[in-house]
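Each remark here refers to the structure printed beneath this line.
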Amino acid sequence: MIYFARMPQPLPPVGALITSGWEQFKRDWKPNLELSVRFIISSAILFGAALVSQTLPDYGRIAMFVLANIVAAAINLHTILTLIELSLRRDRSASGEAKPSVEIGRTHFWPFLWVMLLQGFAVLGGLFVFFLPGIWLSVMLGYSLLVLVEDGTTGIQALAASAELVKGRWWATFGRNLVAGIVVGLLGSLTTFIVLLIVGLFVGMDQVFGFADYLSGTTRGNPVADGIETVLSGIVQALFIPLAVILQVKIFHALKRTR
């Protein structure tokens, strides 16, 4: 008897993925925002540390910088992990409970960090060798963290499972990732513009234009301006990282269903 390998089915159209992701984003905006507001908290911690460190000697400033970044990174990592678990669960069953899991952050934090580091080192290694291998690896291994959270696969096995899902469909996956990134990026840019416009109504547009020039420049050294930039970035992340996660989950589940 001759057996034939099952060929992967085509992925859903890009428009269908974006539309379903947007619908889920609107449906679950409240629990997602309750989680993602932590991105603003972490950015505020960095802002506060920058202000406090101005009065400290060099060694104190360095210690404050390191400590604040570790705390902010831990908050962001825990938040992304919890968002991924919630989005995976809600995409599997929209009628299920839209409540973030408290347990997931405790049980999966260190395995999540380990897989993230492995994925990051692999992609950086590809970029170091040549730019294109880094892009190729970023797509092939891009679902390792979702594999970990949904299937419990850890370490190198999570990276291998992600690569197996994408194998033979790299361009289709890359195209959907690209469109999803463009959508989230445009929404983030538009929101930043609106926030600056609203601020300009109170402090004057000349101040806003000066701040925008500062952000677009190559020089740094103003802790207040850097802190405002960090908080503004945190606001945009709080609003749209949930959408980015949802779109990745949609592509991930589509890859699993059509494998």
> Under the Kirkwood approximation for Rh and a Cα-based Rg, what ratio Rg/Rh is obtained for region 123-176?
Replying inline: 1.00
> How compact and how long is the chain, expressed as Rg and Dmax of its alpha-carbon atoms in Å?
Replying inline: 20.5, 79
> Any idea what the relative contact order of the chain is, in percent, if you count C-alpha pairs under 8 Å spaced at least 6 apart?
Replying inline: 33 percent
>> Output wanted: per-residue J couplings in Hz (rounded whole) for region 25-30, from phi through Karplus 6.51 cos²θ - 1.76 cosθ + 1.60, θ = phi - 60°, x for Gly and Pro.
In response: 4, 5, 5, 10, 4, 5
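Per DSSP helix of 4 or more residues, -39500 (n - 2.57); summed, then divided by the residues of the chain. What does that give at 222 nm, rounded to the nearest 500?
Roughly -28000 deg cm²/dmol at 222 nm, from the helical runs in the chain.
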> So how strong a dipole does region 1-106 carry about its Cα centre when Lys and Arg Cβ are +1 and Asp and Glu Cβ are -1, to the nearest 20 debye?
Replying inline: 200 debye
> When the accessible area of the chain is computed with all protein chains present and a 1.4 Å probe, what percentage of it is carbon and sulfur?
Replying inline: 72 percent
> What ranking of PHE131, PHE39, PHE240 comes out by heavy-atom accessible area, probe 1.4 Å, highest first?
Replying inline: PHE131, PHE240, PHE39
>> Show me the ranking of peptides 26-33, 111-118 by mean Cβ neighbours inside 10 Å, starting with the highest.
In response: 111-118, 26-33
>> Between GLU23 and ASN177, what is 0.36 nm times their sequence separation minus the Cα-Cα distance? Round to one decimal in nm.
In response: 53.7 nm
>> How big is the dipole moment of the chain about its Cα centre under a simple scheme where the beta carbon of each Lys and Arg is +1, that of each Asp and Glu is -1, and everything else is neutral? Debye, nearest 20, please.
In response: 880 debye
> Is region 73-162 rounded, prolate or oblate when judged by the Cα gyration tensor, a ≥ b ≥ c being the square roots of its eigenvalues, rounded requiring a/c under 1.5 and prolate requiring a/b larger than b/c?
Replying inline: prolate
> Residue by residue through region 176-192, which ³J(HN,Hα) values in whole Hz follow from phi under the Karplus form 6.51 cos²θ - 1.76 cosθ + 1.60 (θ = phi - 60°), with glycine and proline marked x?
Replying inline: 5, 4, 5, 5, 4, x, 5, 4, 5, x, 5, 5, x, 5, 5, 5, 4
>> Starting from a Cα-only point model with no solvent, please compute log10 I(q)/I(0) by Debye for region 1-94 at q = 0.13 1/Å.
In response: -0.67
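For region 87-132, report the % of Cα-Cα distances exceeding 17 Å.
58 percent
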> Whole-Hz Karplus ³J(HN,Hα) for region 58-66, in order, using 6.51 cos²θ - 1.76 cosθ + 1.60 and θ = phi - 60°, x for Gly and Pro?
Replying inline: 4, 5, x, 5, 5, 4, 5, 4, 5
> What is the set of long-range amide H partners of LEU141 at a cut-off below 5 Å, with H atoms built 1.01 Å from backbone N?
Replying inline: none
> So if we plug the beta-carbon distance of TRP136 and THR192 into 1/(1 + (r/R0)^6) with R0 = 25 Å, what FRET efficiency do we get, rounded to 0.05?
Replying inline: 0.20
> Any idea of the accessible area per residue across the chain, 1.4 Å probe, to the nearest Å²?
Replying inline: 56 Å²
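The values are calculated or read from the model by the stated rules, or taken from the named source; none is laboratory data. What you are looking at is a predicted structure, and each value in this text was computed from that prediction instead of being measured. Note that we place each Cβ from the backbone using ideal geometry, even for glycine, and neighbour counts take in every protein chain shown. Areas reflect the complete protein model, heavy atoms only, side chains present, ligands, DNA and RNA absent. Shrake-Rupley method; radii C 1.70, N 1.55, O 1.52, S 1.80 Å.
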